[in-house]
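**Student:** Can you read through this structure? Questions will come right after.
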Protein chains: 2
Amino acid sequence: MNKPLSTQPYKGVRDFYPADCAVQQYIFDTWSETAERFGYERYDASILEPSALYKAKGAENAELVNDQTYTFTDRGEREVTLRPEMTPTVARMIAGKSRELAWPARWYSIPNLFRYERAQRGRLREHWQLNVDMFGESGYASDVEVIQLAHQIFLDFGATPDMFEILINNRATMNHAYAALGIDDADMVTAITRLNDRKDKITDAEYLTALIQITTDEPLAHEIKTMIESPDPGDNQVVTALRDLGITNVRIDRSLARGFDYYTGTIFEFKDTHPDNNRSLLGGGRYDNLTSLFEGEAVTGIGFGFGDVTMRDFLETHDLLPDSITHTAPVIALLTMEPAHNLPAMQLAQNIRATGLSCSVDTTSRKIGKKIATAANSNVIYIITVGEDEVASGTYTMKHLETGQDVTGSLQDLLGHLTSLVE
Amino acid sequence: MNKPLSTQPYKGVRDFYPADCAVQQYIFDTWSETAERFGYERYDASILEPSALYKAKGAENAELVNDQTYTFTDRGEREVTLRPEMTPTVARMIAGKSRELAWPARWYSIPNLFRYERAQRGRLREHWQLNVDMFGESGYASDVEVIQLAHQIFLDFGATPDMFEILINNRATMNHAYAALGIDDADMVTAITRLNDRKDKITDAEYLTALIQITTDEPLAHEIKTMIESPDPGDNQVVTALRDLGITNVRIDRSLARGFDYYTGTIFEFKDTHPDNNRSLLGGGRYDNLTSLFEGEAVTGIGFGFGDVTMRDFLETHDLLPDSITHTAPVIALLTMEPAHNLPAMQLAQNIRATGLSCSVDTTSRKIGKKIATAANSNVIYIITVGEDEVASGTYTMKHLETGQDVTGSLQDLLGHLTSLVE
């Protein structure tokens, strides 16, 4: 006999037992509903992608792929990667049907993504992420729409605008601002942008020192710092339009950098305002070279990604997870007195389910008291015991487990009562 | 400049563009609704599992794992497999919380599964599969319930009982039947069971010849064939109960074998009755040693798996996919005359969405005629043009694209009209 196997999942991934799976499904369902209300269509793809999709951008990228993703060679000598992000996949799909698609294309997906992380506390190797993008339209109204959609997601989870704020910046505007300060060296702009990306993790003095190192020009470094830290000038048409749409928790933040590679225009980030969870919730922006790795015309896009762990942390921090989510048990449990009553109870259950209500039958050989206790310990709402008298008379008593109130009547009566509750 | 990348997905996996994704979601949603109506709770897990979970059953199994699954070694020297089936995962999860769970546990999941298949036409390397199981209860009523649930799935897709049939057999009954014929050699029983598994793929003569080879006893081979082919004796309590529950498309088939390893009691298979799709749709059975690889007590279970490709083939064969599934476009499209009307249109859209209806705004710079054509080519149901007059008067005309009928009025009027359609 071998040593028993461990019941632990693979390092860095999660099991979703029913209570956790219910929360996950609640998040996914709410994401889908909001996106579809804005006219976004769902797409999906396999987690398996040719590694070339990630390595194509050059040697540095190829190294990152080997180092930080799950990449392996299949028995057909094909290099295959578990997707670390969805953008390359959606770029591939958009490029593959660019002549057939109606523009703009409004698409969303909820993929799981994989990263090879050194095993450490809290770093997950698999997570899910809502991806929302509009492709093929560059007017500022599309930037507004995508940010409005992200904002609506928070409202649809019951959040109020004081719980989060929206920071906006624009890559093109920033390039003009650097040019106005006499900076025309692209490498220097890149270095400053990368520094800005971690500005809120360092002190003011450290930030200035780093700017002086980059520019080797102390007065210029001060000018850059002043420009970056200047208050919201209110001159951004996306921000103006969002405010006109009633979205007030939005401001321009010139230090907002959002990574570096993709973005060419508007960039944005949603941040939690709660002191216990003071961090970025989601980020996105406009990219103009989405399909550059493929044949055909360039396609512009604007979109964002929103992780499931971040979403759940936000909901828990602000106590926005409804209690009812844990109610994954059926609404009604039928409890049989004796095995002889199992079949009549299953017939009864079938009639209850036909109304759309969920119903299970406890057909175990346990005593009725034990069956009631089991139902009470789950999240079942009503119980109906089924014994000799009930089967003979066709009259049943349905008890609300929490209030103790009961209703007695024919199946018809009970169904009427239940249906009136559903409506 | 590098050669452009291919837009094809990885070999053997599928892209789900919106029209296909909508069908997939329809299938998943219907599966979930049926399972939850029976009181089954959803669970999930990562596709990444320690390879030991599949290799633990012995050397033969370890070879199959290396040969037929995606298995690789991560940089922490851990062997990891992309799950080829869900049963080992759910066994791990059940064993991991066997002391906390309430019994019986009714669980379902819709995992994607991976198999390393030689690349050949129609053989997919990734598919999705509904898994439904009841754990911890061995009474025949639980077998009945699980089969009843599978039957209900077909009804919930609009199928009628003539479109499929349910074949039932029982491993324990079969062992008794072999013993009654004097066969007590377990290896011979295994060989006959394996032969039965492909009985409908060979001729009667081939079947008899194979039985003679196995038994080296021609009279015995004839006796076995007669027993296996005997008509439904009607002595199976699961079948009797299903018939009492109104499920009539069920019969005992003693040749039913359903693979070999897991099952110990009832086994069942649903088959399509359509001559164009004459094949197995789903299969399942009872297994009594689910958690034997882990520490703790043995847990019994009964369940089935149902693949997404098989489901879709059945629905297409019987023309059961509703036309409305392709309607993944929003219900209403607002078309702006000029960019100046984008913001008022986005405000209007926001009010429409607040009623729960889906709505998009065409904010492109295209001419209005082009915008109408684009909406008509999609599956949008209503259009509302938004121009100077509409914005000034607050009066809009909403046109039904298919019937050409229109309604004119304030936003309030239109919302009233739309809400009455939803109710």
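Derivation of every value follows stated rules applied to the coordinates shown; laboratory data play no part. Just so you know, these numbers come straight off a predicted model, no measurement behind them. Cβ sites come from the backbone with ideal geometry, for glycine too, and all protein chains shown count toward neighbours.
**Student:** In Å, what is the Rg of the alpha-carbon atoms in segment A:141-218, and how long is Dmax?
**Tutor:** Cα only, segment A:141-218: 17.0, 49 Å (Rg, Dmax).
**Student:** Mind jotting down the three principal axis lengths of the protein assembly as shown based on Cα atoms? Whole angstrom, largest first.
**Tutor:** That gives 100, 61, 50 Å along the principal axes, largest extent first.
**Student:** Here is a follow-up. Going by how many other Cβ atoms sit within 10 Å of their own, how do B:H176, B:H151, A:H127, A:H417 line up, fewest first?
**Tutor:** Fewest-to-most Cβ neighbours within 10 Å comes out as B:H176, A:H417, A:H127, B:H151.
**Student:** Placing a label point 7 Å from Cα toward Cβ, how far apart in nm is B:D156 from its equivalents in the other copies, listed shortest first to one decimal?
**Tutor:** Those separations, rounded to one decimal, come out as 2.2 nm.
**Student:** Next up: For peptide A:97-104, compute the average count of partner chain beta-carbon atoms within 10 Å of each residue's beta-carbon. Spell out each step's value before the answer.
**Tutor:** Details: counts 3, 1, 0, 1, 2, 6, 3, 5.
Counting other chains' Cβ atoms within 10 Å and averaging over A:97-104 gives 3.
**Student:** Further question: Quick one: helix B:218-228 against the long Cα principal axis of chain B, what's the angle to the nearest 10°, folded into 0 to 90?
**Tutor:** For B:218-228 against chain B, the angle is about 40 degrees.
**Student:** Considering every residue in A:42-55, what mean count of other chain Cβ atoms within 10 Å of its Cβ is obtained?
**Tutor:** Counting Cβ atoms of other protein chains within 10 Å of each residue's Cβ and averaging gives 6.
**Student:** How high is the relative contact order of chain A, given as a whole-number percent (alpha carbon pairs under 8 Å, six or more residues apart)?
**Tutor:** Relative CO of chain A lands at 14 percent.
**Student:** To the nearest µm²/s, what D does Stokes-Einstein give for segment B:67-190 at 25 °C and 0.890 mPa s, using the Kirkwood radius over alpha carbon pairs as Rh?
**Tutor:** Taking Rh from Cα pairs, D becomes 132 µm²/s.
**Student:** Express as a percent, rounded to the nearest 5, the fraction of DSSP beta bridges in the protein assembly as shown (both residues included) that run antiparallel.
**Tutor:** Values: 94 of 124 bridges.
The antiparallel proportion sits near 75 percent.
**Student:** Considering only the other residues whose Cβ falls under 13 Å of the Cβ of A:D74, what net charge follows from Lys and Arg at +1 and Asp and Glu at -1?
**Tutor:** On the way: positive: A:R75, A:R78, B:K11, B:R115, B:R118, B:R125; negative: A:E49, A:E77, A:E79, B:D67, B:E117, B:E126.
Within the 13 Å Cβ shell, the charges total 0.
**Student:** DSSP beta bridges in segment A:123-281, what fraction antiparallel, as a percent rounded to 5?
**Tutor:** Details: 8 of 11 bridges.
Beta bridges within segment A:123-281, antiparallel portion: roughly 75 percent.
**Student:** Turning to a different aspect of this structure: Taking a cut-off of 15 Å, what percent of all Cα-Cα pairs in segment A:9-77 are separated by more than that?
**Tutor:** Considering segment A:9-77, 73 percent of its Cα-Cα pairs are separated by more than 15 Å.
**Student:** Could you tell me the ratio Rg/Rh of segment B:225-289? Both radii from Cα atoms, Rh via Kirkwood.
**Tutor:** Details: Rg = 12.9 Å, Rh = 13.3 Å.
Using Cα coordinates only, the ratio equals 0.97.
**Student:** For segment B:1-125, list log₁₀ I(q)/I(0) at each q in 0.15, 0.16, 0.18, 0.19 Å⁻¹, using the Debye formula over Cα point scatterers of equal strength and ignoring solvent, two decimals each.
**Tutor:** -0.95, -1.04, -1.17, -1.22
**Student:** Would you list which lysines come within 29 Å of A:K370, measuring only between C-alpha atoms, while excluding same-chain residues fewer than 8 positions from it?
**Tutor:** Qualifying lysines at Cα under 29 Å: A:K399, B:K97.
**Student:** Counting only Cβ atoms, what residue of chain A lies nearest to the axis that sends chain A onto chain B, and how many whole Å off?
**Tutor:** For the rotation taking chain A to chain B, the closest Cβ gives A:F72, 2.
**Student:** In degrees from 0 to 90, rounded to the nearest 10, what is the angle of the helix A:186-197 Cα long axis to the longest principal axis of chain A?
**Tutor:** With rounding to tens, the tilt is 40 degrees.
**Student:** I'd like the antiparallel share, as a percent to the nearest 5, of DSSP beta bridges with both residues in segment A:329-422. Display every interim value, and only then the final one.
**Tutor:** On the way: 8 of 17 bridges.
The antiparallel proportion sits near 45 percent.
**Student:** To make sure I understand, if each residue's beta carbon is the centre and we count other beta carbons within 10 Å, what order do A:V250, A:V13 fall in, fewest to most?
**Tutor:** So the ranking, lowest neighbour count to highest, is A:V13, A:V250.
**Student:** Just tell me how shielded A:32-39 is by partners: mean number of partner chain Cβ atoms within 10 Å of each residue's Cβ, no decimals.
**Tutor:** The shielding value for this peptide is 6.
**Student:** With charges only on Cβ, +1 for K and R and -1 for D and E, what is the dipole size of the protein assembly as shown about its Cα centre, in debye, rounded to 20?
**Tutor:** Approximately 1240 debye in magnitude.
**Student:** What is the dipole size for segment B:1-98, taken about its Cα centre, with +1 at each Lys and Arg Cβ and -1 at each Asp and Glu Cβ, in debye to the nearest 20?
**Tutor:** Its charge dipole is roughly 200 debye.
**Student:** Just to be sure I understand: if I project the alpha-carbon convex hull of segment A:181-302 onto a plane and average over all orientations, what area do I get in nm²?
**Tutor:** 9.8 nm²
**Student:** So what is the orientation-averaged projected area of segment A:329-422, using the convex hull of its C-alpha atoms, in nm²?
**Tutor:** Result: a mean projected hull area of 5.3 nm².
**Student:** Still on this structure, please answer the following. To make sure I understand the rule: partners must be aspartates and glutamates, Cα under 14 Å from the Cα of A:K199, and not fewer than 8 residues away in the same chain. Which ones qualify?
**Tutor:** Answer for A:K199, where 14 Å is the Cα cut-off: A:E229, A:D253, listed by chain and number.
**Student:** Hey, what D do you get for segment B:245-322 in µm²/s if you plug the Kirkwood alpha-carbon radius into Stokes-Einstein at 37 °C and 0.692 mPa s?
**Tutor:** It comes out at roughly 224 µm²/s.
**Student:** May I pose another question? Using 0.36 nm per residue, how much length does the chain from B:R75 to B:S6 gain when fully extended, once their Cα-Cα distance is taken away?
**Tutor:** The B:R75-B:S6 span can extend by a further 22.0 nm.
**Student:** Just the C-alpha atoms of segment A:284-379: what Rg/Rh do they give, with Rh taken as the Kirkwood radius?
**Tutor:** 1.37
**Student:** Once the Cα atoms of chain B are picked out, what are the Rg and Dmax in Å?
**Tutor:** 28.0, 95
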